[in-house]
Amino acid sequence: QVQLVESGGGLVQAGGSLRLSCVASGRTFSMYAMAWFRQAPGKEREFVARITWSRDSAIYGDSVKGRFTISRDNAKNTVYLQMNSLKAEDTAVYYCAAGPALLSTYDYWGQGTQVTVSS
């Protein structure tokens with residue numbers, strides 16, 4: 001089993017930056033990918049970013065390309081989401097997730113952390 005614990009959410013002004021963290025515990029595999037999703041009130045969950053544990057390669061949703069960066073620290077079993085140039089529309093609950101790298105499904109989810117961007 002894998003447990004994911006998120007932190008780092010908060011209130012920031014438009015144009016500011018914030019870094020989210022997600023620590024994984026339990027049995028993990030190198031083939032598992034880690035990802036970030038977000039969900040704003042009244043909207044469907046949206047893909048934000050994805051990275052594998054064994055590589056530094058990453059993909060991003062169109063709405064955050066060029067502004068957000070996903071990274072990992074295998075020794076700490078932690079994935080990060082660095083968010084720069086934040087906009088009001090980035091306001092959402094952000095979730096980290098883990099799943100097999102070769103699939104598009106995610107078996108484990110964090111509790112979510114609120115990010116609020118004021119303008």
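The values are calculated or read from the model by the stated rules, or taken from the named source; none is laboratory data. None of the values given here were measured: they were computed from a predicted structure. Virtual Cβ from ideal backbone geometry, glycine too; neighbours counted across all protein chains shown. With ligands, DNA and RNA removed, areas are computed over all heavy atoms of the protein, side chains included. Shrake-Rupley method; radii C 1.70, N 1.55, O 1.52, S 1.80 Å.
A compact table of results
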read-out	value
Pair list, Cβ under 6 Å, 6 or more apart: region 94-119 residue under 18 Å from VAL79 (Cα atoms), other residue polar (S, T, N, Q) and part of a strand (DSSP E or B)	TYR94/THR113; ALA101/THR52
Test: residue in region 48-58 that is closer than 22 Å to GLY10 by Cα, assigned to a strand (DSSP E or B), open to solvent by 60 Å² or more (accessible area, probe 1.4 Å) and not small (Gly, Ala, Ser)	no
Cβ pairs under 9 Å, 6+ apart, first in region 22-43 and farther than 19 Å from THR69 by Cα and at pLDDT 95 or above, second surrounded by 11 or more Cβ atoms within 10 Å (Cβ to Cβ) and of a type in the set (A, V, I, L, M, F, W, C)	ALA40/ALA92; ALA40/VAL93; LYS43/ALA92
Breaking point among (1) open to solvent by 10 Å² or more (accessible area, probe 1.4 Å); (2) within 30 Å of SER118 (Cα to Cα), for GLY26	(2)
Enumeration of residues in region 59-91 that are of a type in the set (S, T, N, Q) and assigned to a strand (DSSP E or B)	THR69, SER71, THR78, GLN82
Any hit, region 94-102, residues being open to solvent by 80 Å² or more (accessible area, probe 1.4 Å) and either in contact with a Ser or Thr (Cβ under 8 Å, 6 or more places away or on another chain) or assigned to a strand (DSSP E or B) (or both)	no
Condition check for SER63: within 13 Å of the chain's Cα centre (by Cα), closer than 30 Å to GLN13 by Cα, among the small types (Gly, Ala, Ser) and open to solvent by 40 Å² or more (accessible area, probe 1.4 Å)	no
Any hit, region 14-21, residues being hydrophobic (A, V, I, L, M, F, W, C), exposed (fewer than 15 other Cβ atoms within 10 Å of the Cβ) and in contact with a helix residue (DSSP H, G or I) (Cβ under 7 Å, 6 or more places away or on another chain)	yes
Candidate set from region 1-47 (those that are hydroxyl-bearing (Ser, Thr, Tyr) and part of a strand (DSSP E or B)); member that is nearest to LEU103 (Cα to Cα)	TYR32
